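Quick notes on the structure that follows.
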Amino acid sequence: MNSTAIILASQSPRRRQLLQWAEISFDVIVKETAETYPAGLEVDEIAIHIAKNKALAVKAFLAGSENENKTILAADTIVVLNDEVIGKPKDREDAIAILKKLSGQQHKVITGVVIISPENETDFADITMVAFHELTDEQIAFYVDNYQPYDKAGAYAIQEWIGVVGIKSVAGDFYNVMGLPVSRVVQALKNF
């Protein structure tokens, strides 16, 4: 897709890879923001709220620069199991505990996407249902020790070993689980 370079407000290597696969020209600019949200938000609104904060932080940073008119794309992915939002693990023990919780269960992966330009703004959440097989303690420990999924919501990446051997089913956009519903993003960018 030939377009003016957009700004990706994310340090996720998976989001960068997906945009490259879609042949979207982009630069990466990230400003640290808290991944917190107000109480009472619906789960799909949580991911949008966090993504919007990322986009607005980059927009403020770019104000007055040669890039201030570029379109900004931000995203955030959360995992939800039985209405519990599961973020990134704090450490090895937390990653193991999260994967034990997800073992044998179906959960939602929700990516909130925000796209902002000087003339336009849109946001949406994409939801994919993912079910794990029952995972053994040995499988979980092997995955955590060898792949160190500490920067991943739900303590796993579907495109890694755990996804190959542990995922029973995926209903929805596979790439959403990787961190960006890229085909939906491409459609939204056509309006910018």
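The values are calculated or read from the model by the stated rules, or taken from the named source; none is laboratory data. Only a predicted model underlies this, so the values are computations on that prediction, with no experimental measurement involved. We place every Cβ from the backbone using ideal geometry, glycine too, and count neighbours over all the protein chains shown.
Every condition in (1) hydroxyl-bearing (Ser, Thr, Tyr); (2) closer than 25 Å to Leu41 by Cα; (3) without any contact (Cβ under 8 Å) to a residue 60 or more places away in the chain holds for Thr111 except the one numbered (3). Set side by side, the residues Ala131, Ala155, Ala125, Ala171 differ, and just one is among the hydrophobic types (A, V, I, L, M, F, W, C) and under 17 Å from Ala75 (Cα atoms), which is Ala125. When region 64-86 is examined, which residues are found to be of a type outside the set (A, V, I, L, M, F, W, C) and surrounded by fewer than 18 Cβ atoms within 10 Å (Cβ to Cβ)? Scanning region 64-86 gives Gly64, Ser65, Glu66, Asn67, Glu68, Asn69, Asn82, Asp83, Glu84.
Out of curiosity, is Val58 modelled with pLDDT of 95 or more, surrounded by 13 or more Cβ atoms within 10 Å (Cβ to Cβ), of a type in the set (A, V, I, L, M, F, W, C) and assigned to a strand (DSSP E or B)? So Val58 does not fit the description; no.
This table checks each residue for (1) out of contact with any Phe, Trp or Tyr (no Cβ under 6 Å at 6 or more places or on another chain); (2) surrounded by fewer than 17 Cβ atoms within 10 Å (Cβ to Cβ); (3) not in a loop (DSSP other than H, G, I, E, B).
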| position | (1), (2), (3) |
| --- | --- |
| Ile7 | yes, no, yes |
| Leu19 | no, no, yes |
| Ile24 | yes, no, no |
| Glu32 | yes, yes, no |
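Restricting attention to region 53-95, the residues that are touching a Gly at 6+ places or on another chain (Cβ under 8 Å) and under 17 Å from Val113 (Cβ atoms) total 5. Whether a residue is among the hydroxyl-bearing types (Ser, Thr, Tyr), surrounded by 14 or more Cβ atoms within 10 Å (Cβ to Cβ), over 19 Å from Arg16 (Cα atoms) and touching a strand residue (DSSP E or B) at 6+ places or on another chain (Cβ under 6 Å) was assessed, and Ser117 does not pass this test.
Return the residue satisfying two criteria in turn: it lies in region 144-181 and is of a type in the set (Val, Ile, Thr) and surrounded by 23 or more Cβ atoms within 10 Å (Cβ to Cβ), and of such residues it is farthest from the chain's Cα centre (by Cα). My answer is Val144. Listed by position, the helices (runs of 4 or more DSSP H) enclosed by region 113-192 that each have at least 2 residues that are among the small types (Gly, Ala, Ser) are 161-166, 182-189.
Of all residues in region 64-90, those that are touching a residue at least 60 places away in the same chain (Cβ under 8 Å) have Cβ atoms under 7 Å from Cβ atoms of residues that are of a type in the set (Phe, Trp, Tyr) and in a loop (DSSP other than H, G, I, E, B), 6 or more apart or on another chain, in Thr71/Phe192; Lys88/Tyr150; Pro89/Tyr150.
Just to be sure, is Lys190 closer than 16 Å to Leu135 by Cα, surrounded by fewer than 18 Cβ atoms within 10 Å (Cβ to Cβ) and among the basic types (Lys, Arg)? Answer is no for this residue.
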